[in-house]
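Engineer: Got a structure here, written out as structure tokens. Questions coming.
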Amino acid sequence: MKEENSCSYFIRNIAHTIKCMQDKCLVHYGLTNQQARLLGEITRLSGKKKVFGRRDLEKLLNLKGPSVTSLLHGLEKKGLIETECSDKDARRKVLKPTDEGKKLIKHMDLVFEATENQLTDRLTLEEIDQFKEYLEVAFENMNE
């Protein structure tokens with residue numbers, strides 16, 4: 001077991017706390033964390049008017065094709081996304097969030113904002129800027 005002042009101790013416990021906060025919010029909607037992440041990416045990409053497909057989502061979320069397909073079906077059944085055939089290519093599906101899906105994402109954004117506020121509560125603006133820089137480096141390290 002790692003010492004209580006090691007980075008891994010804090011990372012593990014912060015990650016666990018954030019996951020519990022998310023799960024508590026998601027249970028009301030009958031969603032899993034993965035479904036919420038997928039819905040968030042669909043909302044973000046469709047808001048940018050970006051053309052994307054299942055393979056793009058696989059890469060973004062680091063999931064296999066069948067998993068993404070299953071998650072998409074679950075979101076569609078719950079009425080959080082809708083799929084249409086592309087005007088340019090009938091074989092390609094256009095994914096977009098429904099109004100209900102957009103409402104859920106707005107709610108989750110509030111949860112993340114509250115989490116961020118809790119994480120940075122006793123930090124100065126300068127320390128928050130440093131924290132963001134460290135988080136960005138850590139994120140890049142994890143995605144190499």
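Engineer: Please determine whether any residue of the stretch 25-46 is of a type in the set (K, R) and loosely packed, with under 10 Cβ neighbours inside 10 Å.
Structural biologist: no
Engineer: Condition first: of a type in the set (D, E) and at pLDDT 95 or above. Now tell me which residues in the stretch 102-139 satisfy that.
Structural biologist: D121, E126, E127, D129, E133, E136, listed by residue number.
Engineer: If E82 meets every condition in (1) more than 18 Å from Q34 (Cα to Cα); (2) at pLDDT below 95; (3) not hydrophobic (A, V, I, L, M, F, W, C) apart from one, which number is that one?
Structural biologist: Result: E82 fails condition (1) only.
Engineer: Right, something else. Give the stretch 95-144 a look and list any residue that's more than 16 Å from the chain's Cα centre (by Cα), surrounded by 12 or more Cβ atoms within 10 Å (Cβ to Cβ), within 24 Å of L57 (Cβ to Cβ) and free of Cβ contacts under 8 Å to residues at least 12 places away in the same chain, or say none.
Structural biologist: A138 - this is the single residue of the stretch 95-144 that is more than 16 Å from the chain's Cα centre (by Cα), surrounded by 12 or more Cβ atoms within 10 Å (Cβ to Cβ), within 24 Å of L57 (Cβ to Cβ) and free of Cβ contacts under 8 Å to residues at least 12 places away in the same chain.
Engineer: Now for a separate question. In the stretch 9-39, what residues are modelled with pLDDT of 90 or more, of a type in the set (S, T, Y) and under 20 Å from K102 (Cβ atoms)?
Structural biologist: Hits for the stretch 9-39: nothing passes.
The values are calculated or read from the model by the stated rules, or taken from the named source; none is laboratory data. For clarity, every value in this text was computed on a predicted model and none was experimentally measured. When we count neighbours, we look across all protein chains shown, and the Cβ atoms used for this are built from the backbone with ideal geometry, even at glycine.
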